[in-house]
Structure formats: C-alpha cells, structure tokens
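No value in this document is a laboratory result; all are computed from the given coordinates. In this text the structure is predicted, and so the values were computed from the model without any measurement. FYI the Cβ positions are ideal-geometry reconstructions off the backbone, even for glycines, and counts take in every protein chain you see.
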Amino acid sequence: MSQSPREDGPTEVVETPDGELIERLSGGTATLLLIWLIGVGALSTLLAAWTFVWIVTGERLGVDALFGGFGIYTSLAGAAGPCVLWLTGRAQGHSLGWFMLTAAKIALVMVGIGLVFVLGATVILAGVIPGAGALLAAGLMAIMAIALSAIWGLATWAADRWIARARVSEEPAPD
C-alpha cells in the first residue's frame, strides 16, 4: 500500500510556474489553522499580560485596556509566537517535546526583544537604567513566557499531528 494525499484532505497538489508539483495546505485548512494559531497565541498572551500586570502592580486591567491599544498590540505580538512555531516545525514529524522546547525558545526571544525595547526606552526617555525591581519583573516575565509557550507548543503540535494524519490515506498500489 502506498501513501498519497487524499483528494478531499487538508492539502492539495498544485503546479508551480516551473511545472513542479508541490503539496500545500488547502484554503480551508490554512484558514482554520491561522484562526487556531492566532486565537491561541492572542488569547493566551492577553491572559498572561493581564496576570503579569496584576502581579507586578496589583491592578487588574479593565475591558478598556484589553480591547484598547494595549490589548490589540499584545494580541498581535502573542499571535506571532504560534505562527512562527508552525512555520519552524510544520510537517516534519517533530515530537511534542521538540515543539515545547522550540516554543520556549521563541517565547524567550520575544521576551528578550521586549525587554531590550523597554530598556532602550527607559534609558533614552528617562535617562536612567532600571533598578532591581525591573530585574525581578523581567524574571517573572521569562517564567510566564515559558509557561505560555507550553500552550503554544501543545496547540501547534496538535494541529501538525491532525494535518499529518488527515492528509494521507491508505490506497492499494497500482498493478
């Protein structure tokens, strides 16, 4: 028995301008995958940001903050994590552990970029280097990012496994 893409599966075989046949996600599958990854990334990051602000300042963010500029930009940044993770590991048969470890690396890089931005803004705008409290907040942010990345890793691995299982069908080999 040979493995071949299903006719009605989540992928389709298309011809490139060079005449090469390639397999890609179908439009419906790609749309559902993006909704899943963006939703998981955006919602989990919003929850993490809300929790972080509550722990650090003792103030709970209201609906105006979550649906205002803060929430929109936090959601966009968070949505990038699972999407980058998908592009890194898609369709290569990686294990759940690989997805979890890679998600943690991506999340820590995202935190590092954010911290460099905050440090630069603080030095440029206020003319001071953040104190010890900022180091504690940065550590908390890294710990929360690792916890958040576990959600990203599990969600992305689950999508990858579903597509891998759904894309092939058992067909008898031609005579």
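In whole Hz, with x marking every Gly and Pro, tabulate ³J(HN,Hα) for region 118-130 from phi via Karplus 6.51 cos²θ - 1.76 cosθ + 1.60, θ = phi - 60°.
The phi angles translate into 5, 4, x, 5, 5, 5, 6, 7, 9, x, 10, 9, x Hz.
Assuming R0 = 45 Å, what is the FRET efficiency of Thr57 and Glu20, from their Cβ-Cβ distance, to the nearest 0.05? The partial results should precede the final answer.
Numbers: r = 55 Å, r/R0 = 1.23.
Computed FRET efficiency for Thr57 and Glu20: 0.25.
Go ahead and estimate [θ] at 222 nm for the chain from helices alone: -39,500 (n - 2.57) per DSSP H run with n ≥ 4, summed, over the residue count, rounded to 500.
On the way: 5 runs with 118 residues, N = 175.
About -23500 deg cm²/dmol.
State, as an integer percentage, the relative contact order of region 59-175 based on alpha-carbon contacts under 8 Å between residues 6 or more apart. Please report the intermediate quantities before stating the final value.
Working: 64 pairs, mean separation 41.9, N = 117.
Relative CO of region 59-175 lands at 36 percent.
Would you pull out the residues with amide H under 5 Å of His94's amide H, same chain only if 5 or more places away, H placed 1.01 Å from N?
Residues meeting the criterion, in which the H sits 1.01 Å from N, do not exist here.
Whole-Hz Karplus ³J(HN,Hα) for region 152-160, in order, using 6.51 cos²θ - 1.76 cosθ + 1.60 and θ = phi - 60°, x for Gly and Pro?
My calculation for region 152-160 gives 4, x, 5, 5, 6, 4, 4, 5, 4 Hz in order.
Provide the per-residue ³J(HN,Hα) series for region 98-115, in order, calculated from phi with Karplus coefficients 6.51, -1.76, 1.60 and θ = phi - 60°, each as a whole number of Hz, with x at glycine and proline positions.
Listing the rounded values in order: 5, 4, 5, 5, 5, 4, 5, 4, 4, 4, 5, 5, 4, 5, x, 4, x, 5 Hz.
Quick one: which residues, 5 or more positions from Ser26 or on another chain, have an amide H under 5 Å from its amide H? H modelled 1.01 Å from N in the peptide plane, none for Pro or chain starts.
Thr11, Glu12
Could you tell me the distance between the Cα centroids of region 118-138 and region 22-77, to the nearest Å?
So the separation of the two Cα centres works out to 25 Å.
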